[in-house]
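K.L.:
Below you will find the structure I want to go over with you.
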Amino acid sequence: DLNGNVHFFYGDTEFQSDRALILDTQKIARLSGNVIVQNDSLHLVADSLAYYRIPQVLNMGGRVKLNQRTKDGFVRWMQGDHAIYDQGKDTFTVWSRVKAYDQKENANARCGYGFWDRPNGYAFLIEEPEVVAGVEDTLTIKADKMEFYEGEGKLIATFNVRTDSRDYHATSDFLIYFSEEEKAVFLGEPKFQNNFATAEATEFQLYFTEQELRRVVLVDSCLVHFSAEENMPRENWVRARDIVLNFFDGRILDFSADAQVSYYFLQEESEKQDFFINAAEGDRLRAKFDEDNKLRLMDMGGNIRGSYRFKNDS
């Protein structure tokens, strides 16, 4: 039974604590108070720890935190109230008030239960996982389960996926995010919404530049309801096989629709414009917006069939 500035080694692993009970016959060490465990690639802190030399398992409790510095100098950590570190497999399981951070991805996470397989660069989060990328409120992802693949720079979110940012909100059954490409793919009844439009399709592809939304690609069975001005009623709609929307600095620049296109557009009467309704079908449609997010141009081409309705003041 050791007390006060306990410091010892098992192999290449260093142990420090305020108190320790070492049971050499059973090959068990119990440490408490400011526990630190470290070697070349590992730095663990906890309030208490039980180390089982066979099978090289550390059972920890109270403000547990695992820190890692990657080969390229970035910091990662995962913490929670309780954890098990399997030294032989180099895996870390943590539960209760779990938090995590990845400096390279500039992302924070929290959940109820997490697992980190360090050699294989894999981790998963369950029990209400949430990831916040960038500064606070830049991008938040919630789902039933999230998985991270370090080698591929990929995040997979499964079931009840919700993504929120300053520029848009999206929901789906599945999300695959590629950090190197800054690309997100939504599958499973995805829906997209911002201050200008709501959209549905079989698949969404979102493209970012420095975490700012730049392009949305809708694939197959697309439907977009949109307004002629930002934050106005979305009374207009476009259907098509494929639709692409381009954004810059939080506002829409233009959109294009291709194959099996149909649309409905209502222009309300004002001092500067007359009332009309335009409904048409064709092969393609282009729309452009000005700097105030007001519709400036709609142009349909290829096998056009449609009608205009105007107000008769006579």
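K.L.:
I need the full set of residues from segment 219-240 which are closer than 14 Å to Gln205 by Cα and either surrounded by 15 or more Cβ atoms within 10 Å (Cβ to Cβ) or aliphatic (A, V, I, L, M) (or both), in order please.
P.N.:
Within segment 219-240, Val219, Cys222 qualify.
K.L.:
Condition first: over 30 Å from Glu181 (Cα atoms) and either surrounded by fewer than 18 Cβ atoms within 10 Å (Cβ to Cβ) or not charged (D, E, K, R) (or both). Can you find one or more residues in segment 96-109 that meet it?
P.N.:
Yes, segment 96-109 contains at least one residue that is over 30 Å from Glu181 (Cα atoms) and either surrounded by fewer than 18 Cβ atoms within 10 Å (Cβ to Cβ) or not charged (D, E, K, R) (or both).
K.L.:
Shifting gears a bit: Would you check which residues across segment 127-168 are modelled with pLDDT of 95 or more and more than 14 Å from the chain's Cα centre (by Cα) and list them?
P.N.:
The one that is modelled with pLDDT of 95 or more and more than 14 Å from the chain's Cα centre (by Cα): Glu127.
K.L.:
Quick one: in segment 126-142, which of the residues that are more than 28 Å from Thr209 (Cβ to Cβ) and among the charged types (D, E, K, R) is surrounded by the fewest Cβ atoms within 10 Å (Cβ to Cβ)?
P.N.:
Glu128
K.L.:
Looking at segment 20-40, which of its residues are more than 20 Å from Phe92 (Cβ to Cβ) and assigned to a loop (DSSP other than H, G, I, E, B)?
P.N.:
Asp24, Thr25, Gln26, Lys27
K.L.:
A further question on this structure: Yes or no: segment 107-125 includes at least one residue that is closer than 22 Å to Gln211 by Cα, modelled with pLDDT of 90 or more, of a type in the set (Asp, Glu) and assigned to a strand (DSSP E or B).
P.N.:
There is no residue in segment 107-125 that is closer than 22 Å to Gln211 by Cα, modelled with pLDDT of 90 or more, of a type in the set (Asp, Glu) and assigned to a strand (DSSP E or B).
K.L.:
Can you tell me which residue within segment 41-71, out of those that are assigned to a loop (DSSP other than H, G, I, E, B) and over 31 Å from the mean Cα position of the chain (by Cα), is surrounded by the most Cβ atoms within 10 Å (Cβ to Cβ)?
P.N.:
Ranking the qualifying residues of segment 41-71, first place goes to Gln56.
K.L.:
Let me ask something else about it. When you scan segment 143-202 for strands (runs of 3 or more DSSP E) that lie fully inside it, which ones turn up with 2 or more residues that are exposed (fewer than 15 other Cβ atoms within 10 Å of the Cβ) and among the β-branched types (Val, Ile, Thr)?
P.N.:
Where strands (runs of 3 or more DSSP E) fall fully within segment 143-202, none carries at least 2 residues being exposed (fewer than 15 other Cβ atoms within 10 Å of the Cβ) and among the β-branched types (Val, Ile, Thr).
K.L.:
If you take the residues of segment 285-297 that are crowded, with 17+ Cβ neighbours inside 10 Å and part of a strand (DSSP E or B), which of them is modelled with the lowest pLDDT?
P.N.:
Leu295
K.L.:
When segment 57-77 is examined, which residues are found to be out of contact with any Lys or Arg (no Cβ under 7 Å at 6 or more places or on another chain), hydrophobic (A, V, I, L, M, F, W, C) and without any contact (Cβ under 8 Å) to a residue 40 or more places away in the chain?
P.N.:
Once the filter is applied, which keeps residues that are out of contact with any Lys or Arg (no Cβ under 7 Å at 6 or more places or on another chain), hydrophobic (A, V, I, L, M, F, W, C) and without any contact (Cβ under 8 Å) to a residue 40 or more places away in the chain, segment 57-77 yields Val57, Leu58, Met60, Val64.
K.L.:
Check segment 196-203 and report whether any residue there is over 18 Å from the mean Cα position of the chain (by Cα), aliphatic (A, V, I, L, M) and under 30 Å from Glu152 (Cβ atoms).
P.N.:
Among the residues of segment 196-203, at least one is over 18 Å from the mean Cα position of the chain (by Cα), aliphatic (A, V, I, L, M) and under 30 Å from Glu152 (Cβ atoms), which makes the answer yes.
K.L.:
Just for segment 1-13: of the residues that are part of a strand (DSSP E or B) and loosely packed, with under 15 Cβ neighbours inside 10 Å, which one is modelled with the lowest pLDDT?
P.N.:
Of everything passing the filter in segment 1-13, Gly4 is modelled with the lowest pLDDT.
The values are calculated or read from the model by the stated rules, or taken from the named source; none is laboratory data. Everything numeric here is computed off the predicted structure, so don't read it as measured data. Virtual Cβ from ideal backbone geometry, glycine too; neighbours counted across all protein chains shown.
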